[in-house]
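Step one of this worksheet: look at the structure below.
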């Protein structure tokens, strides 16, 4: 397999060759596990897992919508950002854990699919960016007056960051949907 | 002209052919559909969980609904438009799909539940801001709404697995 793959391309870097080989052996190992065989053998499992995955992302996106609109002054005006974070942080964290677990189940059900597509790694990068950005934004807001005082002004930078954050999560959804349509890397196992 | 004729005619329109045969048009519209309905379901569940008394208890339910409804409707308009385009791409497939027809029924029921809520239950939610508990009818509306929307998402996902 490897001799036709990314690793064998004349312009492939050492990193690409190594990463491809690692993904290939990971997919081969995962494909032999009983979890993988179970998910693949039961027709109802994958759509159920995907439904749960989508329901969990609604929690994260709803939280991002409320946070960005609060910082823009459109909703939750009487609420401090601190109070808002207490309401939405825990459900979002639980939802992200569910997203990771259901995502892993989907990969287990079809190990040769997602991880051999650029769009999957774009999605992972966007998720990492969204999580880092959210943590940074909330940490920065914590020292602002609006964390405690609902009437305090929100600095424009934070409004821009919050809207950016929402757009990143929507991009995560779009990238996720494209995993089902994108072409795998040349030479990737099927 | 029967409904079947209309579906057949729709299937042969240039728009339908384009959506169906292009490599990128269908997935692009579908991505927009999913991103929009995630906002629909997310904003609705905030309200439903408040009605059930499970979340946002510090907020007055009536105020929360007034704030979130414009978001729900804007996102719904985008999701419905994108959904209509997806339907135009494969009308013969979808009108023959149990899960597509089931999803439409569930959407209709969700709309009906929302209508009943706004006509009969919402006017009773005028208590003070600190009132945590909502009337039983409001809790029932919230529960039915959540259940129906979970069903809409599940049926929607099953459409993708049972048609091509």
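Taking the Cα centre of each part, how many Å lie between the stretch A:41-80 and the stretch B:93-164?
16 Å
For chain A, what does the relative contact order come out to in percent, with C-alpha contacts under 8 Å and a separation of six or more?
Averaging sequence separation for qualifying contacts and normalising by length gives 33 percent for chain A.
Please arrange A:106, A:22 by how many other C-beta atoms lie within 10 Å of their C-beta, fewest to most.
On the way: A:106 19, A:22 10.
Fewest-to-most ranking of A:106, A:22: A:22, A:106.
Label-point separation (nm) for residue A:83 and residue A:97, each offset 7 Å from Cα along Cα-to-Cβ?
Spacing of the two 7 Å Cα→Cβ label points: 2.7 nm.
Roughly how many nanometres apart are two label points built 7 Å out from the Cα toward the Cβ at residue A:151 and residue A:72?
A separation of 2.6 nm, rounded to one decimal place.
Between the alpha-carbon centers of the stretch B:5-34 and the stretch A:162-190, tell me the distance in whole angstrom.
Cα centres, the stretch B:5-34 to the stretch A:162-190: 21 Å.
Hey, quick one: spin label on residue A:21, modelled 7 Å out along Cα-Cβ, who in the stretch A:99-120 has an amide N within reach, i.e. under 14 Å?
Under cut-off, by backbone N: nothing.
Averaged across B:89-96, how many Cβ atoms of other chains sit within 10 Å of each residue's Cβ atom? Don't jump to the answer; show the numbers that get you there.
Values: counts 0, 0, 0, 0, 0, 0, 0, 0.
Per residue, the number of nearby Cβ atoms from other chains is 0 on average.
How far apart, in nm, are the 7 Å Cα→Cβ label points at residue B:147 and residue A:13?
5.5 nm
Report relative contact order for chain B in percent, whole number only (criteria: Cα-Cα under 8 Å, sequence separation at least 6).
Contact order relative to length: 32 percent.
Please compute the average number of Cβ atoms from other chains found within 10 Å of each residue's Cβ in peptide A:42-55. Show your work: numbers first, answer last.
Working: counts 0, 2, 2, 0, 2, 10, 3, 1, 7, 8, 4, 1, 9, 9.
What the average comes to for A:42-55 is 4.
Using 0.36 nm per residue, how much length does the chain from residue A:142 to residue A:33 gain when fully extended, once their Cα-Cα distance is taken away?
Gain on stretching residue A:142 to residue A:33: 34.7 nm.
Is the protein assembly as shown rounded, prolate or oblate when judged by the Cα gyration tensor, a ≥ b ≥ c being the square roots of its eigenvalues, rounded requiring a/c under 1.5 and prolate requiring a/b larger than b/c?
oblate
Going by how many other Cβ atoms sit within 10 Å of their own, how do A:169, A:185, A:29 line up, fewest first?
Fewest-to-most Cβ neighbours within 10 Å comes out as A:29, A:185, A:169.
What is the gain in length, in nm to one decimal, between residue B:161 and residue B:54 on full extension, counting 0.36 nm per residue of separation less the C-alpha to C-alpha distance?
Working: separation 107, 0.36 × 107 = 38.52 nm, distance 3.33 nm.
Extending this stretch completely gives an extra 35.2 nm.
Please determine, in degrees from 0 to 90 and to the nearest 10, the orientation of helix A:45-71 with respect to the longest principal axis defined by the Cα atoms of chain A, where the helix direction is its Cα long axis.
Rounded to the nearest ten degrees, it is 30.
Mind running the shape call on chain B? Use the C-alpha gyration tensor, a ≥ b ≥ c as the square roots of the eigenvalues: rounded below 1.5 for a/c, prolate if a/b tops b/c, oblate otherwise. Let's see the in-between values first.
Details: a/c = 2.83, a/b = 2.35, b/c = 1.20.
Cα axes put chain B in the prolate bin.
Residue A:44 to residue B:81: FRET efficiency via 1/(1 + (r/R0)^6), r the Cβ-Cβ distance, R0 45 Å, to the nearest 0.05? Walk me through the numbers before you get to the answer.
Details: r = 31 Å, r/R0 = 0.68.
With R0 = 45 Å, the Cβ-Cβ based efficiency is 0.90.
Rounded, prolate or oblate: which one fits the stretch A:1-130, using the alpha carbon gyration tensor with axes a ≥ b ≥ c (rounded when a/c is under 1.5, else prolate when a/b beats b/c, else oblate)?
Taking the square roots of the gyration eigenvalues as a ≥ b ≥ c, the stretch A:1-130 is oblate.
For peptide A:168-181, compute the average count of partner chain beta-carbon atoms within 10 Å of each residue's beta-carbon.
4
None of the figures in this text is laboratory data; all of them are computed from the coordinates on show. Not measured: the values here are computed from a predicted model. All Cβ positions, even for glycine, are placed from backbone atoms using ideal geometry, and neighbour counts span all protein chains on display.
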